[in-house]
Amino acid sequence: MILDCAVIGGGPAGLTAGLYTTRGGLENVVMFEKGMPGGQIMNSSEIENYPGVTGEITGMDLMTPWPEQCQKFGLIHEMIEVTRVSKNDAGNFTIYKGDGTSVEAHSVIVGTGSTPRRVGFKGENELFGKGVSTCATCDGFFYKGKEVAVIGGGDTALEEALYLAKICAKVYLVHRRDEFRSAPNTIERIKKTENIELVLNASPEEVYGDAMGVTGLRVVFKDGTSRDIEVPGVFTFVGNDVNNEVLKQEDGSFICDMNEHGEVLVDISMRTSTSGLFAVGDMRVDAPKQVVSAAGDGAVAALQAIAYVDEKVSE
Ligand code: FAD
Ligand code: NAP
């Protein structure tokens with residue numbers, strides 16, 4: 001049997017793709033998710049920017065009903081890791097699974113997400129979600145009127161520092177060198193922003209806190225001196241790893257066009273350069289890395305996949 005659609009990844013993007021493909025009439029749609037469905041937002045202790053959410057709910061509260069809703073329309077969930085997606089000469093996709101088996105599909109929607117890199121300082125993992133964050137859009141509001149530290153010297157760190165400076169009383173921008181690798185106009189805007197203090201030639205050594213969460217960050221300067229910055233929030237932006245392994249072929253090339261950061265190039269319909277293959281959510285180029293946009297991508301791709309499969313099977 002050939003699946004109408006294989007959905008890879010069961011985060012907000014994959015689950016929404018599963019909902020729209022099955023409800024839109026595709027049959028034999030399987031969502032391959034290596035763990036519990038829900039995606040990385042399941043780790044969030046609070047989400048308040050998903051439309052319609054007015055109370056205090058966790059990421060798990062938000063995501064728990066999604067798989068059940070999908071199953072109602074016929075989405076099959078297979079809990080397994082996908083190792084590779086390839087396209088064969090007949091124009092079908094082969095989904096290789098972690099247990100050594102494989103299955104064929106007419107179309108594939110891949111939404112395996114991305115993983116923000118950790119910096120590696122003491123306390124980072126222990127206090128992650130309790131003051132240490134990798135998402136200003138998600139968590140910045142919790143520090144309204146308070147002081148925060150931002151770590152990193154690339155475009156993301158500088159843009160997020162500007163975003164946080166609008167919400168927070170003060171932003172300490174901590175960078176390990178005295179030059180940024182960001183766009184010149186962004187650097188200018190940083191320098192002109194009064195409530196951003198540059199803490200340069202400084203590497204984070206330790207974040208510490210109490211039962212309530214983070215209380216401060218210790219940085220060490222290149223000359224060996226150190227400084228304690230007393231803040232309840234530490235935002236780290238030191239790059240992202242895109243979870244694109246499933247798109248890698250045996251010869252090391254990718255099945256579709258990618259950019260230099262390993263993000264999948266898509267058009268506004270989430271189509272990749274390989275027909276019948278769609279990429280959604282955090283792994284695609286220019287992703288806003290939000291639940292609402294990941295879900296939107298899933299819906300867009302599903303509608304395209306339905307049209308693609310209809311045309312393919314009627315040929
Ligand atoms: P993901 O959620 O990353 O889901 C990808 C899924 O694919 C995962 O379940 C993974 O297990 C699975 N997978 C990966 N590889 C494979 C494979 N090879 N085989 C099978 N399965 C695989 N966004 C907001 O809008 N608001 C917030 O308040 C917010 N807070 C956040 C707080 C935290 C702590 C974090 C980490 C993120 C937060 N985000 C928030 C961002 C949001 O979680 C992501 O933008 C969103 O989850 C992206 O959805 P996705 O479906 O693209 O990917
Ligand atoms: P990035 O460009 O790789 O920058 C990562 C930053 O983190 C660097 O400044 C790096 O320092 C620092 N860093 C890395 N590891 C560290 C560690 N262990 N300790 C302390 N600092 C550490 O990542 P990014 O900012 O996420 O950007 C990724 C790509 O997306 C870039 O090409 C960027 O231009 C692009 N982007 C573009 C836009 C835009 O065009 N508007 C917006 C966002 C991102 P060093 O500088 O010393 O290496």
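We did not get these values from a lab; they are worked out from the coordinates using the rules stated. Since we're looking at a predicted model, the values are computed, not measured. Don't worry about glycine lacking a Cβ; one is built from the backbone with ideal geometry, like all the others, and counts go over all protein chains shown.
For segment 1-136, rounded, prolate or oblate, judged on the Cα gyration tensor with a ≥ b ≥ c (square roots of eigenvalues), a/c < 1.5 rounded, else prolate if a/b > b/c? Here segment 1-136 falls in the oblate category. With the simple spin-label model, which puts each label point 7 Å out from Cα in the Cβ direction, the residue 191 to residue 315 separation comes to 5.6 nm. Taking the DSSP bridge list for the chain and keeping only pairs wholly inside it, about 45 percent are antiparallel. Across segment 29-107, the convex hull enclosing all Cα atoms gives 117 Å³ per residue. Close Lys pairs in segment 118-236 (alpha-carbon distance under 25 Å; sequence gap of 8 or more, or different chains): 22. Whole-Hz Karplus values for segment 82-91 come out as 8, 9, 6, 10, 10, 10, 9, 5, 7, x Hz, taken residue by residue from phi with 6.51 cos²θ - 1.76 cosθ + 1.60 and θ = phi - 60°; glycine and proline positions read x.
Less than 5 angstrom separates the built amide H of residue 266 from those of 285, all sequence-distant by 5 or more or on a different chain. Quick one: in segment 118-236, what % of C-alpha pairs are over 16 Å apart? Everything past 16 Å amounts to 55 percent.
Extension gain, residue 69 to residue 90: 0.36 nm times the residue separation minus the Cα-Cα distance gives 4.2 nm.
Which shape class applies to segment 178-227: rounded if a/c is under 1.5, otherwise prolate when a/b exceeds b/c and oblate if not, where a ≥ b ≥ c are the square roots of the Cα gyration tensor eigenvalues? Cα axes put segment 178-227 in the oblate bin.
With the contact rule set at Cα under 8 Å and sequence spacing of 6 or more, what percent relative contact order holds for the chain?
Relative contact order, the chain: 21 percent.
Other residues lying with their Cβ under 15 Å from the Cβ of residue 208 contribute a combined charge of -3, Lys and Arg counting +1, Asp and Glu -1. Translational diffusion of segment 163-315 was estimated from the Stokes-Einstein equation, with Rh taken as the Kirkwood radius over Cα pairs; at 20 °C and 1.002 mPa s the coefficient is 112 µm²/s. No solvent, one uniform scatterer per C-alpha: report log10 I(q)/I(0) for the chain via the Debye equation at q = 0.07, 0.08, 0.13 1/Å, two decimals. Those come out to -0.32, -0.41, -0.94, one per q.
Taking amide hydrogens as placed 1.01 Å from N in the peptide plane, the amide H of residue 198 sits under 5 Å from those of 173, each at least 5 positions away in sequence or on another chain.
In terms of the Cα gyration tensor, with a ≥ b ≥ c the square roots of its eigenvalues, is segment 1-71 rounded because a/c is under 1.5, prolate because a/b exceeds b/c, or oblate? In terms of gyration-tensor shape, prolate. Stretched out straight at 0.36 nm per residue, the stretch from residue 53 to residue 141 would grow longer than its current Cα-Cα span by 30.2 nm.
Other residues whose C-beta falls under 15 angstrom from the C-beta of residue 36 contribute a net charge of -4, scoring Lys and Arg +1 and Asp and Glu -1.
Using the Cβ-Cβ distance between residue 275 and residue 245 with R0 = 30 Å, the FRET efficiency computed as 1/(1 + (r/R0)^6) comes to roughly 0.85.
Listed by number, the DSSP H helices of the chain that run 27 Å or longer by alpha-carbon position along their axis and have mean Kyte hydropathy of at least 0.5 are 291-314. Near residue 106, once Lys and Arg are set to +1 and Asp and Glu to -1 for all other residues with Cβ below 9 Å from its Cβ, the sum equals -1.
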